[in-house]
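Here the structure is laid out as structure tokens; the discussion comes afterwards.
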Amino acid sequence: MPKNSIGRLVILSGPSCVAKSPLSKSLNKFYPDIFRNLQPLVLYNSRSPRPGEVESVDYYFRSREEIEALKSNEQYIVLYVRGDLQALDLEDLSERLQKGDVFFEGNPFVGRALQTNPHLEAIEKLSIFMAPLSREEILFFKHPSQSGNLKMLVTDIMRRKLLRRTRRQKIELSIQDLENIEKRASSAFTELQDARYFDYVIPNHDGEDSENWDAFYYPIGDARKTLLAFTALIRGEKTEYAEQWESDLLS
């Protein structure tokens, strides 16, 4: 990466359906001045677009073979993400950082790669993780007095969110839809274990399936708290709603 980048790399990660996209849209709607200063980082993706996703806005949608071929090019970081292949163009990221802050919104696998890749070591970063449970809830459910299985709980929480989201997008669910939901839900606990590596964790129960993001014009409930916390962190302000997780919280 070229030196003297003037912008930060802002990383927003979390499990699928935790509401990263609604948060980004709400930021654009209610804090357009902040949103305009965050240049989006667009990755390549081997999967097909979801309903509403736009080429070169959400991802560069390419065939798996095309992305596989990028592995031999040092300009790209290629990652295996829940069965899909994604790729980051380092040169594109470098050019954007010369202009100001760059915003990545996506899964923790890529989020961690952005944190740890040696090519990006000198870049200033702000990393934020959205979690479907708070630190206090995790401590409660993992206490010996509770007989539940935390991994199964997280999987079930995200499975329900993913099912509701997909039903909002489609009238009928196919076998492929259900398999994809199960893959993403089953991956959520492993992804949650990476939250400890992020600067801040924002607990949010209003996932992408929740109407609290847009049914009442202004976000309400956890959706509102999440938006306010994220905005404060972008501005470099303190917020009581953001947490920092210890390394053994999910061990």
Ser16 - would you say it is of a type in the set (S, T, N, Q), surrounded by 18 or more Cβ atoms within 10 Å (Cβ to Cβ) and within 25 Å of Asp156 (Cα to Cα)? yes
Checking Gln193 against (1) assigned to a helix (DSSP H, G or I); (2) exposed (fewer than 14 other Cβ atoms within 10 Å of the Cβ), which test does it fail? (2)
Touching a residue at least 60 places away in the same chain (Cβ under 8 Å), over 26 Å from Asp222 (Cα atoms) and not small (Gly, Ala, Ser), is that true of Leu27? no
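Starting from residues that are assigned to a loop (DSSP other than H, G, I, E, B) and touching a strand residue (DSSP E or B) at 6+ places or on another chain (Cβ under 7 Å), keep the ones in region 105-123 and report whichever is nearest to Ala229 (Cα to Cα).
My answer is Asn107.
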Residue count, region 103-141, condition more than 9 Å from the chain's Cα centre (by Cα), of a type in the set (S, T, N, Q) and at pLDDT below 90, comes to 1
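Yes/no per residue for (1) within 30 Å of Arg168 (Cβ to Cβ); (2) touching a Ser or Thr at 6+ places or on another chain (Cβ under 9 Å); (3) crowded, with 17+ Cβ neighbours inside 10 Å:
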{"site": "Glu53", "(1), (2), (3)": "yes, no, no"}
{"site": "Val78", "(1), (2), (3)": "no, no, yes"}
{"site": "Phe103", "(1), (2), (3)": "yes, yes, yes"}
{"site": "Asn107", "(1), (2), (3)": "yes, yes, yes"}
{"site": "Gly111", "(1), (2), (3)": "yes, yes, yes"}
{"site": "Gln115", "(1), (2), (3)": "no, yes, yes"}
{"site": "Leu126", "(1), (2), (3)": "no, no, yes"}
Which residues, taken from region 96-141, are free of Cβ contacts under 8 Å to residues at least 60 places away in the same chain and in contact with a Leu (Cβ under 7 Å, 6 or more places away or on another chain)? Ala113, Phe141
For region 19-51: of the residues being of a type in the set (D, E, K, R) and modelled with pLDDT of 90 or more, which is surrounded by the most Cβ atoms within 10 Å (Cβ to Cβ)? Lys20
Consider Glu74 against the criteria (1) surrounded by fewer than 19 Cβ atoms within 10 Å (Cβ to Cβ); (2) farther than 18 Å from Ser21 by Cα; (3) under 20 Å from the mean Cα position of the chain (by Cα): it satisfies all of them except one. Which criterion is unmet? (3)
Return yes when Lys225 is at pLDDT 95 or above, at negative phi and surrounded by fewer than 21 Cβ atoms within 10 Å (Cβ to Cβ) and no when it is not. yes
Between a first residue in region 51-77 that is in a strand (DSSP E or B) and a second residue that is surrounded by fewer than 10 Cβ atoms within 10 Å (Cβ to Cβ), which pairs have beta carbons less than 8 Å apart while being 6 or more apart in sequence or on different chains? Phe61/Ser48
So which residues in region 128-153 are in a helix (DSSP H, G or I) and within 30 Å of Glu237 (Cβ to Cβ)? Arg135, Glu136, Glu137, Ile138, Leu139, Phe140
So for region 82-104 (the condition being assigned to a loop (DSSP other than H, G, I, E, B), in contact with a Lys or Arg (Cβ under 7 Å, 6 or more places away or on another chain) and within 25 Å of Lys225 (Cα to Cα)), does at least one residue qualify? yes
Would you confirm whether any residue within region 19-39 is touching a Lys or Arg at 6+ places or on another chain (Cβ under 8 Å), of a type outside the set (A, V, I, L, M), under 29 Å from Pro132 (Cβ atoms) and not in a strand (DSSP E or B)? no
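The values are calculated or read from the model by the stated rules, or taken from the named source; none is laboratory data. Predicted, not measured: the structure shown is a model, and the values here were computed from it. Cβ: placed from backbone, ideal geometry, glycine included. Neighbour counts: every protein chain shown.
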